[in-house]
Amino acid sequence: MNYKKILTVQDISCVGQCSLTVALPILSVCGFETCVLPCSVLSNHTTGFDEYTFKDLSSEMGLIQRRWVNQNIKFSAVYSGYIGNVQQLENLKNVINTCLEPDATVIIDPAMADNGVLYPGFDSCFVNKVKEMASYADYLLPNVTEACLLTDITYQENYDETFIIQLMNKLASLGCPNIAITGVSFEKSTTGVAIWENGNYNYCKHSRVDKSVPGTGDVFASVFTGAILKCHSIQQAAVIASDFVLECLKETVKYPQHSYGPVFEPILYKLANI
Ligand code: PXL
């Protein structure tokens, strides 16, 4: 029986095609019961809009977690994305410690930075708490910027495989056995995912679409989660997720005015049979 109950923990950006508005449809179409623990509500995401609201739901998260404990509500997996502050990470830790079935899968996307810089509102204190959370993850899904922040290695735009393997090694020492670093590019026309599976390095290369929008990392992490929970290997999951992101970007370029998020809805049905 593969009808699993998954919990996804991240913000609701009311507009922006990221976080829960991406994870919920993707995990549902993969065939899983998808429960949500919203950490904050924003008018829109924080990249590329002129302004945004941010309502912190930290205290509500704690109340919800205690009700779940009282009623013995348990999940077979948790997937976390953008978490707004240190208290919310502490709440995520409590959920992991009290609301998961034995042998549950923990997937953490440390969504906090891109292109060499932290998203607005985050600081080194937050990064340190994410480092601590990495030890709870069965799978950690940073981009190159986040991997550098988590390892205290200076971000660079151009790098080689030795640099990526050094990142992987240091990330693994935080206590996570399986890692997929997204957006790893060794040449202009291609990009890919670097994979670390219990000490073994691998690289899955794919072609690159010349368009970048916030939220593609969330699409990757959601599809990756769906694929892992459908028992694909980490490599297969990375290929399925990056192929889908590539297809989303091909959809997105059809709408040049649409720049705040990935157009994934017209091709969502393709995930029904992964
Ligand atoms: O992971 C993308 C994302 C999610 N949620 C919020 C964001 C961003 C990226 O900017 O601001 C609130």
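Descriptive notes on the structure:
- Computed from label points 7 Å out along Cα-Cβ, the spacing between PHE186 and LYS5 is 4.5 nm.
- Cα-projected label distance for THR154 with CYS125, points at 7 Å along beta-carbon direction, nm: 2.7
- The mean accessible area for residues of segment 5-255, using a 1.4 Å probe and ignoring ligands and nucleic acids, is 41 Å² per residue.
- Segment 154-273 - convex hull of alpha carbons, volume per residue in Å³: 112
- Cβ-defined net charge surrounding CYS148, 15 Å radius [Lys, Arg +1; Asp, Glu -1]: -3
- Label point at GLU101 placed 7 Å out along Cα→Cβ; residues across segment 69-87 whose backbone nitrogen lies under 14 Å: 73-78
- Its Cα centre serving as origin, segment 1-141 has a Cβ charge dipole (Lys and Arg +1, Asp and Glu -1) of approximately 440 debye.
- With only Cα atoms counted, the chain has Rg and Dmax values of 17.3, 53 Å.
- Over the Cα atoms of segment 62-152, the radius of gyration divided by the Kirkwood radius equals 1.00; this is the Rg/Rh ratio.
- Distance between segment 165-208 and segment 55-85 - C-alpha centres, whole angstrom: 30
- Remark: the chain carries a charge dipole of roughly 580 debye about the Cα centre, counting +1 on each Lys and Arg Cβ and -1 on each Asp and Glu Cβ.
- With every protein chain in place, segment 173-270: carbon and sulfur % of accessible area (1.4 Å): 51
- For the chain, the mean residue ellipticity at 222 nm estimated from helices alone is -11500 deg cm²/dmol, where every DSSP H run of n ≥ 4 contributes -39500 (n - 2.57) and the total is divided by all residues, rounded to the nearest 500.
- Farthest positive-ward along segment 5-255 dipole, Cα basis, beta-carbon charges - from VAL78, TYR155, VAL253: VAL78
- Applying both filters, DSSP loop and at most 12 other Cβ atoms within 10 Å, to the GluC sites (Glu not before Pro) of segment 101-204 gives GLU157.
- Relative contact order for segment 5-255, counting Cα pairs under 8 Å that sit 6 or more residues apart, in percent: 16
- In segment 102-257, taking the dipole from charged Cβ atoms about the Cα centre, the farthest positive-side position among GLN236, ILE164, ILE107 is held by GLN236.
- Applying a DSSP loop filter and a limit of 12 other Cβ atoms within 10 Å to the trypsin sites (Lys or Arg not before Pro) in segment 135-207 leaves LYS188.
- Aspartates and glutamates whose Cα lies under 12 Å from that of LYS188, excluding same-chain neighbours fewer than 8 positions away: GLU157, ASP210
- Farthest toward positive dipole pole in segment 1-84 [+1 Lys/Arg, -1 Asp/Glu at C-beta], among GLN10, GLY31, LEU57: GLY31
The values are calculated or read from the model by the stated rules, or taken from the named source; none is laboratory data. As the structure is a computational prediction, the values presented were derived from the model and not from experiment. For neighbour counting, all protein chains shown are included, and Cβ atoms are generated from backbone atoms with ideal geometry for every residue, glycine included. To get the accessible areas, we keep the full protein, side chains included, count just its heavy atoms, and leave off ligands, DNA and RNA. Shrake-Rupley method; radii C 1.70, N 1.55, O 1.52, S 1.80 Å.
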